[in-house]
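Undergrad: Here it is, the structure in full.
What follows is calculated from the coordinates using simple rules that are stated; it is not laboratory data. Computed from a prediction, not measured in an experiment: that's the story for all the values here. Every residue, glycine among them, receives a Cβ derived from its backbone with ideal geometry; neighbour counts consider all protein chains shown.
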Amino acid sequence: MKTPRTLAVALALLAPLTAFPQATPPPAAPAAARPVPVVSPEINADGTVTFRLRAPNAKAVTVRGQWAKDPLPLTRADSGLWSATTSVTAGVWEYSFNVDGLAMIDPGNTAIKPMREPRTSILHVAAPTPQPWDFQDIPHGTVHQHSYRSTALGRAREVVVYTPPGYETSPDKKYPLLVLQHGSGDNHQTWVAHGKAHWILDSLIAAGRARAMVIMMIDGHPFTPAAMRDNPARGAAMDAFRRELFADAIPLVEARYRVASEPAQRGIVGLSMGGGQSLTVGLGALDRFAYIGSFSGATPDDTTTASLLADPARANSQLRLLWLACGRDDSLHTRNEEFVAKLKAAGIRHEWHLTAGNHSWPVWRDYLVDFLPLLFQPPAR
């Protein structure tokens with residue numbers, strides 16, 4: 001039995017703590033304000049474009065874009081936000097910031113040109129009258145991406161495939177297949193993300209100017225950058241590209257998509273490095289491709305050229321179209337003129353287009369618009 005003294009001590013220990021004055025905790029520090037996202041680029045109502053970059057410690061910032069010859073200086077506000085507004089012609093353009101001598105993408109813009117070394121952002125200014133590369137309210141195809149293990153290269157690879165509007169609702173129809181290749185600085189995603197090849201074909205199909213077709217785009221760099229550094233031979237890279245194309249990429253597309261197999265329903269075209277791949281691989285495989293094109297392309301080596309020129313009659317009987325184009329201000333202009341002269345001297349039928357422009361995507365989009373309507377058409381009678 002507890003004594004009165006023990007009971008008193010116990011009651012004191014059990015007394016509610018609220019009976020005693022409590023210290024008021026200090027107010028919580030206000031949460032740091034989250035920086036407002038920088039909007040860049042911003043296309044204004046008057047058609048101008050504003051570029052912005054938050055760089056409070058920078059000394060000088062400029063923006064360089066394909067639409068202008070000279071870089072545009074940005075002005076710094078007290079907040080450390082740099083900005084500049086300028087007029088930009090309608091089109092799909094590359095641009096980058098230069099901050100104290102360092103070229104960089106626009107961190108406020110999620111549209112980045114797919115490249116081996118990404119360094120440019122994309123600005124797409126739609127034209128008042130939509131161009132083929134602008135988004136339009138028309139039926140659109142589907143862009144698919146596949147990962148696979150290349151047996152030719154022994155490593156993981158990817159391929160992008162475009163199927164035209166109506167593909168999913170026409171299960172009994174087979175489609176022509178076009179291999180579309182990028183240039184040396186880009187990768188298999190660039191023709192869609194920056195070239196807008198899918199929108200271009202969508203618009204041409206909707207206008208009745210081109211046939212519906214499947215397009216496949218593979219990475220034209222069969223070797224890793226480290227492997228190219230250790231073995232830079234272009235011949236080895238071309239051979240590896242050919243082996244992967246025929247052993248892995250085309251069989252993958254044939255297994256998963258309804259594509260016609262005859263050469264008259266197959267084509268290959270590319271720009272710059274991809275143009276060289278298309279000419280070398282395509283002209284060396286006329287039993288596979290009846291349509292071959294090159295946009296500002298590297299010209300084929302002597303082995304391919306000699307084989308082609310040795311039998312012009314065979315080439316003319318198998319080719320439905322050999323289409324080449326290059327800009328007057330392009331560094332590959334002279335080499336293309338020399339290759340075209342050889343074709344002409346041998347009597348090999350071809351189309352040659354010398355145009356305005358340099359070695360850039362605005363030129364190559366135009367070429368694709370001109371080239372696609374010529375593909376897979378019934379032979380002229």
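Undergrad: Given the rule -39500 (n - 2.57) for each run of at least 4 DSSP H residues, summed and divided by the residues of the chain, what is its mean residue ellipticity at 222 nm, to the nearest 500 deg cm²/dmol?
TA: So the helix-based figure for the chain works out to -7500 deg cm²/dmol.
Undergrad: Quick one: 199, 82, fewest Cβ neighbours within 10 Å first, how do they rank?
TA: Working: 199 22, 82 25.
Going from sparsest to densest Cβ surroundings: 199, 82.
Undergrad: Amide H neighbours of residue 293 under 5 Å, at least 5 residues apart or on other chains, H built in the peptide plane: list them.
TA: It is 268, 269, 270, 323, by chain and number.
Undergrad: Where nothing but the Cβ of Lys and Arg (+1) and of Asp and Glu (-1) is charged, how large is the charge dipole of the chain around its Cα centre, in debye to the nearest 20?
TA: On the way: 37 positive and 33 negative charges, 186 e Å.
Using Cβ point charges on Lys, Arg, Asp and Glu, the chain gives about 900 debye.
Undergrad: Positive end of the charge dipole of the chain (Lys, Arg +1 and Asp, Glu -1 on Cβ, about the Cα centre): tell me which of 178, 165, 110 has its Cα farthest that way.
TA: 110
Undergrad: Which residue fluctuates most in the GNM of the chain (Cα springs below 10 Å): 172, 186, 370?
TA: Checking each option, the largest mean-square fluctuation is seen for 172.
Undergrad: Rounded, prolate or oblate: which one fits the stretch 123-186, using the alpha carbon gyration tensor with axes a ≥ b ≥ c (rounded when a/c is under 1.5, else prolate when a/b beats b/c, else oblate)?
TA: Numbers: a/c = 2.85, a/b = 1.34, b/c = 2.12.
Oblate, because a/c is 1.5 or more while a/b does not exceed b/c.
Undergrad: Pop out the ³J(HN,Hα) list for the stretch 102-119 in order, Karplus 6.51 cos²θ - 1.76 cosθ + 1.60 with θ = phi - 60°, rounded to Hz; leave Gly and Pro as x.
TA: 9, 7, 8, 6, 7, x, x, 10, 7, 7, 10, 5, x, 8, 5, 10, x, 8
Undergrad: Here's something else I'd like to know. Can you spot the lysines whose alpha carbon is less than 26 Å from residue 69's alpha carbon? Ignore those fewer than 8 places along the same chain.
TA: Reachable lysines: 59, 113, 196.
Undergrad: Now, a different point. Among 294, 184, 96, which comes first, then next, by fewest other beta-carbon atoms within 10 Å?
TA: On the way: 294 33, 184 14, 96 19.
Going from least to most buried by this count: 184, 96, 294.
Undergrad: Cα gyration tensor of the chain, axes a ≥ b ≥ c as square roots of the eigenvalues: rounded (a/c below 1.5), prolate (a/b > b/c) or oblate? Let's see the in-between values first.
TA: Working: a/c = 2.63, a/b = 2.00, b/c = 1.32.
Prolate is the answer for the chain, as a/c is 1.5 or above and a/b outweighs b/c.
Undergrad: Once you list every other residue whose beta carbon is under 13 Å from the beta carbon of residue 151, what net charge do they have if Lys and Arg are +1 and Asp and Glu are -1? Write out the running numbers ahead of the final one.
TA: Numbers: positive: 149, 155, 157, 243; negative: 244, 248.
Net local charge, residue 151 excluded: +2.
Undergrad: Next question. Any idea which of 58, 147, 79 is furthest toward the positive side of the dipole for the stretch 26-165, if Lys and Arg beta-carbons carry +1 and Asp and Glu beta-carbons -1?
TA: With unit charges placed on the Cβ atoms, the residue in question is 147.
Undergrad: Leaving out same-chain residues fewer than 8 places away, which aspartates and glutamates sit with a Cα under 19 Å from that of residue 342?
TA: Filter leaves 301, 302, 311, 351.
Undergrad: Something else: I want the local charge near residue 109. Using Cβ-Cβ distances under 14 Å, sum +1 for each Lys or Arg and -1 for each Asp or Glu among the other residues.
TA: Working: positive: 52, 54, 113, 119; negative: 42, 94, 106.
Counting the neighbours of residue 109, the net charge comes to +1.
Undergrad: Hey, another quick one. Taking neighbour counts of Cβ atoms within 10 Å as a proxy for exposure, in what order, fewest first, do 34, 243 appear? Can you show the working numbers first?
TA: Values: 34 6, 243 15.
Ascending Cβ contact count within 10 Å gives the list 34, 243.
Undergrad: Right, here's the next one. Under 1.5 on a/c is rounded, so check that first for the stretch 232-381, then, if it is not, pick prolate when a/b is larger than b/c and oblate when it is not; a ≥ b ≥ c are the square roots of the alpha carbon gyration tensor eigenvalues. List each step's numbers first, then the result.
TA: Numbers: a/c = 1.27, a/b = 1.23, b/c = 1.04.
Rounded.
Undergrad: Which percent, nearest 5, of DSSP beta bridges in the chain are antiparallel? Walk me through the numbers before you get to the answer.
TA: Numbers: 41 of 65 bridges.
Around 65 percent antiparallel, to the nearest 5.
Undergrad: Further, regarding this structure: Could you work out how far helix 361-371 tilts from the main Cα principal axis of the chain, as a 0 to 90 degree angle to the nearest 10?
TA: Tilt of helix 361-371: around 50 degrees.
Undergrad: Pick from 140, 194, 353: which is most flexible by mean-square fluctuation in a GNM of the chain where alpha carbon atoms under 10 Å apart are linked?
TA: Of 140, 194, 353, the most mobile in the Gaussian network model is 353.
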